[in-house]
Every structure is written in C-alpha cells, then in structure tokens.
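J.: Dumping the structure here so I can ask a few things about it.
The values are calculated or read from the model by the stated rules, or taken from the named source; none is laboratory data. All figures in this text were calculated on a predicted structure; none of them were measured in a lab. Accessible surface areas use protein heavy atoms only, side chains included; no ligands, DNA or RNA. Shrake-Rupley method; radii C 1.70, N 1.55, O 1.52, S 1.80 Å.
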Amino acid sequence: MALPVLYDDGGYSGGSIERPALQKLLTEIQSRAVDVVVVYKVDRLTRSLADFAKSLRIFDTAGVSFVSVTQQFNTRHPWTSDPQCPAVLCPV
C-alpha cells in the first residue's frame, strides 16, 4: 500500500541529505514503515554521489527497494543482491 505521505523538501538543496523530509523518510525506512522508495529522477534524492551511496546502503540494510521512474535504476533486479553493486552503479 502506498503511503499517503510525500517526502518533499521544496526549498532545500539536493546537495545534502540534511533535509527535514528526507530525514523523516530515512527514519521511517529504518523503522520498517517503507518498502520501496520511488523518485522521479535519482538527483531528486540527492545530487551527492557519496550521499547516494550512503542512502542505498540504508535502503539495502532495511530491505527497501529504490526505483527511479525516468531512469533505468531499480534495485528490485536480482543482480543488486551483490554487495558491491552500489559501488559499481554510483560512478555510472
């Protein structure tokens, strides 16, 4: 079931994960309230490569899938079970 909550940090820079709505999302992920994170584009989550990798580790630890609607990025693919996958995908 989709959550009736949008995690929108309008007015905050995507250059940092220190944004109120994103922090709330990460907290809810860690409490297992979220199964899938869907974004329009990867840079809507963060523009920082290091923060993106950190976010993917948090998602993976909690068993959360990450999907970008407009880009071919979906961690539900079987090949993402490789622990090195985020390190390979991030520089692309």
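J.: For the chain, please list each of the helices (runs of 4 or more DSSP H) lying entirely inside it that holds at least 3 residues being modelled with pLDDT of 85 or more.
T.: Working: elements: 20-30, 49-62, 85-89.
In the chain, the matching helices (runs of 4 or more DSSP H) lie at 20-30, 49-62.
J.: When the stretch 33-66 is examined, which residues are found to be hydroxyl-bearing (Ser, Thr, Tyr) and open to solvent by 10 Å² or more (accessible area, probe 1.4 Å)?
T.: Step one: filter the stretch 33-66 for residues hydroxyl-bearing (Ser, Thr, Tyr), giving 40, 46, 48, 55, 61, 65.
TYR40, SER48, THR61, SER65 - these are the residues of the stretch 33-66 that are hydroxyl-bearing (Ser, Thr, Tyr) and open to solvent by 10 Å² or more (accessible area, probe 1.4 Å).
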